[in-house]
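First up is the structure itself, then whatever we jot down about it.
Rule-based calculations on the coordinates, nothing more; no lab input. What you see is a predicted model; the values in this text were computed from it and never measured. Neighbour counts are summed over all protein chains in view; Cβ atoms, including those assigned to glycine, are modelled from backbone coordinates with ideal geometry.
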Amino acid sequence: MNVSLPNGYNIVMRRLEPGDAINLLSYFNGLSAGTRQRFGPHPFDEPTVNHICHHPDDTIYRYIAIDPAEGNIIAYMLFKKGMTEGDQYRYAQRNQFLDPAMTVTFAPSVADNWQSSGVGSAMYGCIENELRSKGTRQIVLWGGVQATNEKAVNYYKKHHYQYAGSFWHDEKDNHDMVKWL
């Protein structure tokens, strides 16, 4: 699907396919250390990329955005049906129970030179509409968001995520956030 950014530039957004392995590895290798350390669902190495691309998991929707001028992946987003075990545990500790059948867990990443370009928001809007049509009623952040990651926290607030609680992980303060659809 062609998606228009705020500056009028068009990108291509679609589901990840097996043939995307080399391009996905290149995308991961191009991320800065700061961007890499803020993404937690999986490593950024070749074995992981090959597994993701060649052994799809029907509980995880993987989307990419491509710059058509260069043919490069510029963003990668995961939506997992239900919640991860760790997320479920943290929410339950706060007596916050979400119906796994109506919940997805979200983990986005955007290439450093495309951050703040509108790519993340454009992709997210399209994907959220798809999820809503499939009966999703809430979206939680995969492993939360680091409290010091102001750019990401503001992104989630802009998309109407609400603070659900804090937790300490990897020597960092993190926030759980949830969006009700």
Problem - Order of TRP114, TRP180 - criterion: other Cβ atoms within 10 Å of each residue's Cβ, fewest first - result: TRP180, TRP114
Exercise for the section: For helix 21-30, report the angle its Cα long axis makes with the longest principal axis of the Cα atoms of the chain; keep it between 0 and 90° and round to the nearest 10°. Expected result: 70
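For GLU128, GLU17, GLU85, GLU171, what ranking results if the residue with the fewest other Cβ atoms within 10 Å of its Cβ goes first?
The most exposed by this proxy come first: GLU171, GLU85, GLU17, GLU128.
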Practice task
Take each of the peptides 133-144, 90-101, average the number of other beta-carbon atoms within 10 Å over its residues, and list them starting from the highest.
Solution key: 133-144, 90-101
Fill in the blank from the handout: Per-residue Cβ contact counts at 10 Å, fewest first, order HIS55, HIS169, HIS159 as HIS55, HIS169, HIS159
Problem - Stokes-Einstein D (µm²/s) once Rh is taken as the Kirkwood radius of the chain over alpha-carbon pairs, at 25 °C in 0.890 mPa s - result: 146
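So which of LYS157/LYS179; LYS81/LYS157; LYS134/LYS179; LYS80/LYS172 end up more than 19 Å apart, counting from Cα to Cα?
Where the Cα-Cα span goes over 19 Å, the pairs concerned are LYS81/LYS157; LYS80/LYS172.
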